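Engineer: Sharing a structure below in structure tokens format, with a few things to ask.
Taken together, the values in this text are just the output of simple stated rules run on the coordinates, not laboratory data. Please read these numbers as outputs of a predicted model, since none were measured by experiment. No Cβ is skipped: glycine too gets one built from the backbone with ideal geometry, and neighbour counts run over all protein chains shown.
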Amino acid sequence: MAERGRDEESGKFTEEYPEEDFIKALKELESSGTTDIAEFVGCDRRTAYLKLNSLEEVGKVESKKIGNALLWELTMESV
């Protein structure tokens, strides 16, 4: 597991997988499942799901349930 750095001023850990990585993944992949996005970003599926879910809560992405999978897309605000 990679070590996370700390911001020298605040002492807070830096974000290992910033939201910009997930937005970029969806711009390049268009509509995609959690696993595909995780592979693109380089994180595990659970990490991708949690980040995408938080982006959905603030209106940057949206999900559609297709069978047992979620299909993620950028909202018009994020395009």
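Engineer: Using a simple charge model, +1 on the beta-carbon of Lys and Arg, -1 on the beta-carbon of Asp and Glu, nothing else, what dipole does segment 19-74 show about its Cα centre, in debye to the nearest 20?
Structural biologist: Charge dipole, segment 19-74, about its Cα centre: 180 debye, nearest 20.
Engineer: Within segment 19-74, count lysine pairs with alpha carbon atoms under 14 angstrom apart where the residues are 8 or more positions apart or belong to different chains.
Structural biologist: 4
Engineer: From the backbone phi of segment 26-32, what are the Karplus-calculated ³J(HN,Hα) couplings (6.51 cos²θ - 1.76 cosθ + 1.60, θ = phi - 60°) in whole Hz, Gly and Pro given as x?
Structural biologist: Values, residue by residue: 6, 5, 7, 8, 6, 5, 7 Hz.
Engineer: Please give, to one decimal in nm, the separation of the simple spin-label points placed at E16 and S54, each 7 Å out from Cα toward the Cβ.
Structural biologist: Between E16 and S54, the simple spin-label model gives 1.3 nm.
Engineer: Here's something else I'd like to know. Lys and Arg at +1, Asp and Glu at -1: add these up for the other residues within a Cβ distance under 11 Å of A25 and post the number.
Structural biologist: So the surrounding residues net to -4.
Engineer: Would you mind putting 61-70, 34-43 in packing order, based on average other-beta-carbon counts within 10 Å, highest first?
Structural biologist: Ranked from most to least packed, the peptides come out as 34-43, 61-70.
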